[in-house]
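What follows is one structure encoded as structure tokens, with my remarks underneath.
The values are calculated or read from the model by the stated rules, or taken from the named source; none is laboratory data. Please read these numbers as outputs of a predicted model, since none were measured by experiment. Positions of Cβ are backbone-derived with ideal geometry, glycine not excepted, and every protein chain shown enters the neighbour counts. Accessible surface areas use protein heavy atoms only, side chains included; no ligands, DNA or RNA. Shrake-Rupley method; radii C 1.70, N 1.55, O 1.52, S 1.80 Å.
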Amino acid sequence: MRPSRGSTFPALFFGIGCWVSGLYKVSKAVGQWAGDPGAGPWGLAVRGGCGYRVPGTRYRIGAEGRIPSTENRVKRAHRVCIPRPVSCILHDGTSRGRGYPLMPHEDLRYRRILLKLSGEAFRGRQPYGIDYEFLQYMAQEIGSVHALGVEVAIVVGGGNILRGSEAALQGLDRALADYIGMLATLMNALALQDMLERHGMVTRCQSALEVKEVAEPLIRRRAIRHLEKGRIVIFAAGTGNPFFSTDTAAALRALEIKAQVLLKATKVEGIFTDDPLKNLSARKLAHVTYQDFLQMGLRVMDSTAISLCMEHGLPVIVFNIWEPGNLRRIVLGEAVGSTIGPGQGP
Ligand code: UDP
């Protein structure tokens, strides 16, 4: 006797329901093993090294949780489904899984920071280009605050390779020279990204100029999501506009991602009345207000950046990046370097 339609369809739907929920659980389990509790289940399975083949079809469900296009189907057809838990050893000997949002250290003064590293820092002891020894050191310093659970975003400069204003004096068109300068920041960003990853940190590089082969486009909400997931975000190519500086980009990005503080790394102890490397009687200022900074014509950061910080009440700390442990001391609330902010300071 043929079964009636009334009994076939509920059974069919029940079957499909069981299959889909099974698929979800398998994916979720694989994802958790792969060690990234922050993302959706489909994404997790894929990021662990695994696409999921829909039974009875040639399709795999990808990171986006949808059946891929014909072109992608061909590409993914041979992907091997081997989820792998990835762990890493931090420079201080501690070990943790990749991609975990960290539990913040309870004494943290700042939970989300924006660190501005100028090209000068990348040059280190070299006359030009990138000092890889310094990059190693930077990765250790950044790793030490990241391990405390601090969300770290970084804006990199490019003055170690090219400054638009200087190139314009040599005869290049200023706007073009500035674009070249922005591309220089991208080189620094990629070098730093590699070094941070070698030290076990998970990073993303976002560029204000489109270079999709090597960096994500600048997407504010995505950057915030990366930070929430414990990834370090490196912002490259400044503001994406000529006639600006990476200091301004740092202020802009800090406000965009709602960083609690902008940390300006320099090679001196803070803000001085004059250049302490040239004038030995220059006095260090523990705190200056935004207005004083602008009126005194101090040059440690550019005035556009400080004006932006002033308008939105973003505190700035200028400190010596060459002093090991300074970054960590700052996020734990110690008075290091000089502060720029409203009123009398902290
Ligand atoms: N630049 C730009 N727009 C920006 C940021 C940077 O045109 O929003 C160019 C500019 O030519 C600048 C160069 O990129 O001289 C490198 O940046 P910057 O001088 O700020 O780097 P740093 O002084 O921090 O090394």
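Quick notes on this one:
- Sequence of 334, 197 from largest to smallest accessible area, 1.4 Å probe: 334, 197
- Within region 108-191, none of the GluC sites (Glu not before Pro) combine a DSSP coil assignment with at most 12 other C-beta atoms in a 10 angstrom radius.
- Among residues other than residue 326 with Cβ under 15 Å from its Cβ, the summed charge is +3 (Lys and Arg +1, Asp and Glu -1).
- Local electrostatic count at residue 180 - Lys and Arg +1, Asp and Glu -1, tallied over other residues with Cβ under 13 Å: -1
- Theoretical gain in end-to-end length, residue 19 to residue 228 [0.36 nm per residue, Cα-Cα removed]: 72.0 nm
- Other residues whose C-beta falls under 14 angstrom from the C-beta of residue 162 contribute a net charge of -1, scoring Lys and Arg +1 and Asp and Glu -1.
- For the pair residue 180 and residue 277, the difference between a 0.36 nm per residue extended length and the Cα-Cα distance amounts to 32.0 nm.
- Region 91-341: C-alpha pair distances exceeding 23 Å, %: 48 percent
- Once both labels are positioned 7 Å from their Cα atoms along Cα-to-Cβ, the gap between residue 214 and residue 296 label points is 3.8 nm.
- The accessible-area ordering, largest first, of the residues 19, 322 stands as 19, 322, per a 1.4 angstrom probe.
- Note, ³J(HN,Hα) from phi for region 229-237, Karplus 6.51, -1.76, 1.60, rounded to Hz, x at Gly and Pro: 8, x, 8, 8, 9, 10, 9, 10, 6
- Placing a pseudo-label 7 Å from each Cα along the Cα-to-Cβ vector at residue 256 and residue 120 gives an inter-label distance of 2.5 nm.
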